[in-house]
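Comments concern the structure below.
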Amino acid sequence: MRRVRVLVAAAICIALLGGWLTREMLPGVQVDEPGVLKDLAPGIVFGAKGGQPPHYRAPDGTLAFNSHDVTPSIRGYAGPIKTLVVMGPDGVIRGIKIVSHKETPNFVHSMLEPGYAMSFAGKPVTDPFAVGMDLDAITRATVSVEALADTVRESSVIAARKILGMNVKSSGTGGRTASVGWIALLVLFALAVYAARMNAAQRVRDVLLVVSMVVVGFWLSSPFTALHLFNILLGRLSSDPLWLVIVVGAVASVFISGRVYCGWLCPLGAIFEFAGRLPAVKWEIDATRDERYRRLKYPVLVVMAFVLLISGRPGLGAFEPYITLFSFNGTILAWAVLAISMIGSIRVPRLWCRYLCPAGAFLGLLSPVASGAR
C-alpha cells in the first residue's frame with residue numbers, strides 16, 4: 001500500500017503541475033459583461049464600468065453589476081456564483097444572469113435555466129430572497145441555490161445603499177435548510193464513528209445506512225465524492241458548513257475508525273449493499289483476484305486527476321454514480337456507469353465500491369487501517 005500511496009501522490013502532483021502550466025500558457029476566459037447586458041436588459045445603454053462598488057450605469061438611473069465584485073466572500077459548493085444583476089433606480093431587480101460558476105453541472109442545471117432567473121425579477125431589495133418561500137427551492141442543489149440567493153440579495157442591498165443612496169439593510173435571511181442539514185450530518189458522523197469503534201451489531205449499521213440514504217443522499221445530496229478532493233486541489237473551497245462537515249468528517253473519521261464513511265455512511269454504498277442482499281446467484285471471485293481487482297480504483301483516481309486537474313474542470317468527473325443518482329441528472333455515460341454498478345452489485349457485493357470508486361480509493365490511501373468499509 002505504501003508504494004501505491006507514493007505513486008498516486010506523485011501522479012497527482014504531476015497533474016497539478018501540468019494544470020498550472022496549462023493555465024499559465026493559455027489565456028483565461030473573460031466574460032463579456034457588456035454583451036450579456038445587451039441580452040439581459042435590451043434597449044438600455046450602459047456607460048463604462050466604474051465606481052465603488054464597480055457597476056454600470058444607464059442615463060435613466062438603471063444599475064448593473066457583477067455580484068462577485070460586490071460580495072466576493074459568498075461562495076457556493078465549489079466557489080463563487082458570479083451573477084450579473086440589473087436593478088432599477090427604485091431598487092427593484094429587473095433581471096439576473098449567472099455568468100460564471102464552478103458548481104457540479106448535474107446539481108445546478110435547473111438553476112441555470114432562464115425560467116429560474118426570472119423568479120428574481122420584480123423583487124425589491126428589501127425582500128428576503130428566501131429559498132423555498134419567495135424563491136423556488138431546487139432539490140439536490142440547496143447550497144448552490146442559497147448561495148445564489150445570498151449573493152444577489154447582499155450585493156443588491158450594498159449597491160442600493162452605496163450607489164442609489166437608499167436606506168436599506170440586509171434581511172440576513174438564508175441558509176435555513178443548510179443549517180439544519182449540516183447539524184444532521186454531523187450527528188450522523190458522530191453516531192457512525194461511535195458505532196464503528198464499538199463494533200456495533202449489523203442491525204445498527206443497517207439503520208445508519210438507511211438513514212444516510214435518506215439524509216445524505218436524497219435530502220442533502222451531499223455524499224463525499226472525488227470531486228471534493230479535486231476542487232480542494234484547485235483551490236475551490238467553500239465556507240458552507242455542509243461542505244465542511246462532509247469533507248472534514250469523511251477525512252477525519254478515517255484516522256479514527258478507518259473508512260467508516262464508506263462502510264457506515266455512504267448512501268450509494270448503502271444502496272449497492274442492499275442490492276447485493278437480493279436473492280440472486282453470486283459471482284465467485286477468489287481472494288487473489290479480488291485483491292487484484294480492488295487496486296483498479298487507484299488508476300481510476302489517477303486518470304481523473306490528470307483529466308480534471310489539467311483541464312481545471314472538475315465537472316468532467318461527474319460520471320461517478322453518486323452524482324448521477326442523487327442529482328437525477330447525467331450523461332448517457334454516467335447513467336450507464338450507474339446501471340452497470342447497480343446490476344453488478346446484485347452479483348458482486350458493492351461492485352463499484354470495491355473495485356472502481358475513486359473517493360474510496362482516496363480514503364483508502366489515507367486510512368491507517370483496513371477496517372471500516374466491510
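The values are calculated or read from the model by the stated rules, or taken from the named source; none is laboratory data. Predicted, not measured: the structure shown is a model, and the values here were computed from it. Quick reminder, even Gly has a Cβ in these numbers, built from the backbone with ideal geometry, and neighbours come from all protein chains shown. Just the protein is used for accessible areas: all its heavy atoms, side chains included, with ligands, DNA and RNA removed. Shrake-Rupley method; radii C 1.70, N 1.55, O 1.52, S 1.80 Å.
Cross-link partners of K102 among lysines, defined as those whose alpha carbon lies under 20 angstrom from its own and excluding same-chain residues fewer than eight positions apart: K82.
3J(HN,Hα) along region 93-105: 5, 9, x, 9, 8, 6, 10, 7, 7, 10, 5, 5, x Hz, from the Karplus curve 6.51 cos²θ - 1.76 cosθ + 1.60 with θ = phi - 60°, whole Hz, x for Gly and Pro.
Computed about its Cα centre, the charge dipole of the chain is approximately 1220 debye, with only Lys, Arg, Asp and Glu carrying charge at their Cβ. Relative to the longest principal axis of the C-alpha atoms of the chain, give the angle of the C-alpha long axis of helix 202-212, reported between 0 and 90° and rounded to the nearest 10°. Taking the Cα atoms of the chain, the angle to 202-212 is about 20 degrees.
State, to one decimal in nm², a quarter of the convex hull surface area for the C-alpha atoms of region 183-319, i.e. the direction-averaged projected area. Write out the running numbers ahead of the final one.
Details: hull surface 39.0 nm².
Averaged projected area of region 183-319's Cα convex hull equals 9.8 nm².
Among (1) 1.03; (2) 1.62; (3) 1.09, only one was calculated for this model; which label is it, if the read-out is Rg/Rh (Cα atoms, Kirkwood Rh)? From the options (1) 1.03; (2) 1.62; (3) 1.09, the structure gives (1). Rolling a 1.4 Å probe across the protein heavy atoms gives region 216-357 an accessible surface of 41 Å² per residue. Dipole of region 1-117 computed with +1 at Lys/Arg Cβ and -1 at Asp/Glu Cβ about the Cα centre; of P59, V6, M87, farthest Cα towards the positive end is V6. Each label point was placed 7 Å from the Cα along the Cα-to-Cβ direction; for V6 and D69 their separation is 5.2 nm. Of V152, V99, V251, the residue with the greatest mean-square motion in the GNM of the chain, using alpha carbon springs below 10 Å, is V99.
With respect to the chain, whose longest principal axis is taken over its alpha-carbon atoms, helix 297-311 is tilted by about 20°. Here is the list for region 322-361: chymotrypsin sites (Phe, Trp or Tyr not before Pro) lying in DSSP coil, each with at most 16 other C-beta atoms within 10 angstrom of its C-beta, are F328.
Got a number for carbon plus sulfur as a percent of the chain's accessible area, 1.4 Å probe? Of all accessible area on the chain, carbon and sulfur atoms account for 65 percent. Here's the picture: charge each Lys and Arg Cβ at +1 and each Asp and Glu Cβ at -1 in region 155-270, and of S239, P223, V168 the one pushed furthest to the positive end of that dipole is V168.
Using a probe of 1.4 Å, the accessible surface attributed to V31 totals some 70 Å² when neighbouring protein chains are kept in position.
The HN-Hα couplings worked out from phi for region 270-281 by the Karplus form 6.51 cos²θ - 1.76 cosθ + 1.60 (θ = phi - 60°) are 5, 4, 5, 5, 5, 5, x, 8, 5, x, 7, 5 Hz, whole numbers, x standing for Gly and Pro.
Largest GNM mean-square fluctuation among C353, C266, C13, using the chain with Cα springs under 10 Å: C13.
Please tell me the relative contact order of the chain in percent, rounded to the nearest whole number, where contacts are Cα pairs under 8 Å and at least six residues apart.
Values: 579 pairs, mean separation 67.3, N = 374.
It rounds to 18 percent for the chain.
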